[in-house]
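Report on the structure given below.
The values are calculated or read from the model by the stated rules, or taken from the named source; none is laboratory data. Predicted model, so just to flag it, every value in this text is computed and none were measured. Cβ coordinates were reconstructed from backbone atoms using ideal geometry, including for glycine residues, and neighbour counts include every protein chain displayed.
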Amino acid sequence: MTPTAPPTARPAPTRQDFASDQEVRWCPGCGDYSILAQMQKIMPDLGIARENIVFVSGIGCSSRFPYYMNTYGFHTIHGRATAIATGIKCAHPELSVWVMTGDGDGLSIGGNHMLHILRRNVDVKIVLFNNRIYGLTKGQLSPTSELGKITKSTPVGSIEHPINPVSFAIAAEATFVARAIDSETAHMQEVLKRAAMHKGVAFVEILQNCNIFNDGAWDSLKDREVKSDRLVNLQSRKPLVFGKNRDKGIRLNGYKLEVASLGSGVSESDLLVYDETETDSSLAFLLSREGRPDFPVPIGVFRDVVAPTYDELLSKQIAQAQAKKGPGSLKDLIYSGMRWTVKANGTSV
Amino acid sequence: MATKSQAANNNKPVEIVDRVTIRFAGDSGDGIQISGNQFTMATAFAGNDLGTMPDYPAEIRAPAGSLPGVSNFQISFSESDIHTPGDAPDVLVAMNPAALKVNLRDLGPGGTIIVNSDSFATANLKKAGYEANPLEDGSLEAYRLIPIAITQLNAKALEESPLSKKERDRCKNFYALGVIYWLYDRPLQTTLDFIAEKFAKSPETVAANQTALKSGYNFADTTEIFTSHFRVRQAQLPPGEYRNITGSESLVLGLVAASQLAETPLFYGSYPITPASEMLHELAYLKNFGVRTFQAEDEIAAVCATIGASYAGSLAVTGTSGPGAALKSEAVGLAVMAELPLVVVNVQRAGPSTGMPTKTEQADLLQAAVGRNGECPVVVLAPATPADCFSMAIEACRLAVKYMTPVYLMTDGYLANGSEPWRLPDLASLKKIPVSHAADAKSFEPYQRDPKTLARPWVVPGAPGLEYRIGGLEKAEVTGDVSYDPVNHERMVHLRAEKIRRVAQDIPPTEVFGETSGQLLLVSWGSTFGAVHSAVERVRAKGKKVSSVHLRHISPFPADLGQILKSFETVLVPELNLGQLRLLLRGEYGLPVVGLNKVQGRPFTIGEVQQKIEELI
């Protein structure tokens, strides 16, 4: 604080102000450290006072997150953070409410609540750490583990088809859906900031490495040599161009997406111009399906559309009822309906 | 009133009786519940004390005329203070053969059966499983059978109505009601007003239903079937303003009252389940009271959202029935660990599993008292009567907030749907519920306990400088930091238990009905109050000594309960389960306790309890 500042002014918060005094206990090398660091970095830029921020989590490695943030935090029970966050936001709409979850917590035990918070458009920011494994219970299959995956609980390979978190969120008609990678820190910061600024539910999948139980799950997207060819960063209202030399693009052929090389008769004007604000989520869904070996994985913002939020509609109904009927009178409520009086002499009227 | 003079003008003799119990029975789509409610209202206005019990099938519209489709409504009214909807009905009004078949076994010897004889045609008899027409084969000789061609008489009365035949036929319940109104000397006005309001959009429907009601009344007055009618004198109720109320309604009013007394907005998270849904419906209308209702995607989300609302500073309540309460168990454990106020209303129904959703039972007591993982103490309360749900809802909120704990409020289908006259409270007499939120950042520790109650502070996010993290992991004493320290864990387990034990200091002394020591003491809880209290009254009226205690606070037990129990040779616990309170009392006090147990999806009759008492003394 400068000496001339008025006594009530608070100094602008820094990244350190958002770090709690608790020792971080993730395994050394875990992708979660990067997510925590990026979150603490962007927080001062959001302009939201620390006391108005709540981090809510369920159970799993990702769910230790709230202990490390110097904000309000609630580490709850397995799969239910989204339901608890819904109650917090509805009861206290001024708060900025975040849910930190994982592929098991958010899409297995908590899959039902995830569906409903997304479709209701509760103004809560959800960050799902996807490492395609159960870490805290030491290495079982998760709902995002690939078919054939060998884990402790699937010694001869998984026989389950995995779920794609971004496809799930788009199908549930979430108003903001994005994907980031733990190793792409600058990009993750941008995505988290966009999620924070979105009015409505925001769903961010972060491809995160569990170096103990599923090391290298996302290596094919991270290798410096190939990542430019394996990732396409979605830029709204711009042609979908990717590649080390930005010489490739994505175009729509009928109902299918295909990769086209720029130059040989193909120009940027032939490519798909993606618009994240499109209310029809069909194209966003189509893009979310991609991950074929010869096709880049889209990262960035898939969808960012405006819609009324559940919590604001709830508050509005209350305000309207109060404007119409006045604030409730308990006396009128209790002394309503058909009543009669018993007099001291025992007669009724 | 016009209807009174109408009654006074007829020249048939009036017999004075002290108590009457009537059961209306018919197809679930027949409007039996409406008839019952209208009769109740007319009875309340006639100044009697009363108790009611609706009993309806889980199927919404079971096939017409079938046994599973029978819907009942029983009312008992009296010139004296009564506590139950009566044991055996004196009068059964059966609108079809199925209704007769299902209910006949409950009718008292010599009871009156009024039937719509038009509905006793071959097809309906077959659906009810009758091989011969019981109205004609002499099988009902032990009863006073009054067959009335209600369908035809109603059709004749409505000849002039512009409504279709089907619509006119639907008025026949009011015709039947008119007959009963005459028979028991009830005023018509409240029902005429109800019809006018309910069908306000269609004057023809209003006219037809009102005509049906009056025609039934006039038919009974002029027909030779009835030679006299009955009057139940006004009851000597304490002076005051009254309304008739169901347990669901009074519980909702209690929650809204608690919200105002605590100056804290009410949040109600729930998932539809019979017989608890009415609370969600009622509260959803009360938005101008600042009530936020949330219909969740499932029972777990309902309690979790409610816990979130409590964390964020609301007076947080979730309502359900047994199966839903089972799903909420883990989350209630979180609220115990996080020490947040939470009220869980369990409108119990017959279990296990789906059981009999519309039938009453008290078999979730152990689930509430001990049914969670870990040492997980909570407060358990139970209202005694429909009107008592109001005060007990306030009590549940008061204790939840004061002790920062989950509180189970155990009602049941019988309490929720049953009704009784409620003497409206003087609002000025309701005590404020003090709520304070931690605000001083310097002295704040999340698990610093109040020395008297052991409650931790309630902190609402938004308070600067108090940012803290809590959760379901074990807490270090005072700081609330995560702790795996073995000694700390043991200490915290004891502290959480002691906090609930201290609630006993905060509840009123136990009232003993009758002598405070002696041969036999009955201990009841929840909705069995009426039958138990009435049975004790009856036995005492014969000059015998028996006492009773009714528990509203079950966890913890009142501090004086042990001494009371020890003052009697025998303790009898009647309950609608296989002995759950009995088990808790034995465990707490190490005393032999005798049980009277019934699990038929129905409440005790006074007679059943009386018989057991007489066996024991």
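Points worth noting:
- Across segment B:384-416, the number of residues qualifying as more than 30 Å from B:LEU495 (Cβ to Cβ) and either assigned to a helix (DSSP H, G or I) or free of Cβ contacts under 8 Å to residues at least 40 places away in the same chain (or both) comes to 7.
- Being in contact (Cβ under 8 Å) with a residue 40 or more places away in the chain, within 7 Å of chain A (Cβ to nearest Cβ) and under 20 Å from B:VAL347 (Cβ atoms) is a condition met by at least one residue of segment B:268-282.
- Only a single item in (1) free of Cβ contacts under 8 Å to residues at least 40 places away in the same chain; (2) farther than 30 Å from B:SER321 by Cα; (3) at the interface with chain A (Cβ under 10 Å from one of its Cβ atoms) is not met by B:ALA235, and it is number (1).
- Unique match (being free of Cβ contacts under 8 Å to residues at least 40 places away in the same chain and either not assigned by TED's automatic domain parsing to the domain that holds B:GLU330 or not in a loop (DSSP other than H, G, I, E, B) (or both)) among B:LEU521, B:LEU495, B:LEU466: B:LEU466
- Test: residue in segment A:278-285 that is within 14 Å of another protein chain (Cβ to nearest Cβ), touching a helix residue (DSSP H, G or I) at 6+ places or on another chain (Cβ under 7 Å) and farther than 30 Å from B:PHE294 by Cα: no
- Residue in segment B:238-253 that is of a type in the set (A, V, I, L, M) and over 19 Å from the mean Cα position of the chain (by Cα) present: no
- Residues of segment B:337-366 classified as under 30 Å from B:PRO457 (Cβ atoms) and out of contact with any Leu (no Cβ under 9 Å at 6 or more places or on another chain), total: 3
- The test for being in a loop (DSSP other than H, G, I, E, B) and away from chain B (no Cβ under 14 Å) does not hold for A:GLY104.
- Extreme residue, farthest from the other protein chains (Cβ to nearest Cβ), among residues of segment B:184-226 that are within 18 Å of B:ASN37 (Cα to Cα) and of a type in the set (D, E, K, R): B:LYS214
- The sole residue among A:VAL297, A:VAL305, A:VAL273 that is surrounded by fewer than 16 Cβ atoms within 10 Å (Cβ to Cβ) and either within 11 Å of chain B (Cβ to nearest Cβ) or hydrophobic (A, V, I, L, M, F, W, C) (or both) is A:VAL273.
- Residues of segment A:149-204 that turn out to be of a type outside the set (D, E, K, R) and either assigned to a strand (DSSP E or B) or over 30 Å from A:LEU314 (Cβ atoms) (or both), as a count: 26
- Residue within segment B:565-577 that is closer than 22 Å to B:ASP412 by Cα, free of Cβ contacts under 8 Å to residues at least 40 places away in the same chain, of a type outside the set (A, V, I, L, M) and in contact with a Gly (Cβ under 9 Å, 6 or more places away or on another chain) present: no
- Taken over segment A:117-137, the residue count meeting the criterion of being under 19 Å from A:ASN164 (Cβ atoms) and either modelled with pLDDT under 95 or in a helix (DSSP H, G or I) (or both) is 3.
- Condition met for B:PRO109 (within 32 Å of the chain's Cα centre (by Cα) and in the same structural domain as B:GLY86 (by TED's automatic domain parsing)): yes
- Screening the candidates B:VAL179, B:VAL206 for the property of being of a type in the set (Val, Ile, Thr) and within 26 Å of B:LEU92 (Cβ to Cβ) yields one hit, B:VAL179.
- Filter result (basic (Lys, Arg) and either under 21 Å from A:HIS113 (Cβ atoms) or within 14 Å of chain B (Cβ to nearest Cβ) (or both)) within segment A:29-76: A:ARG50, A:ARG64
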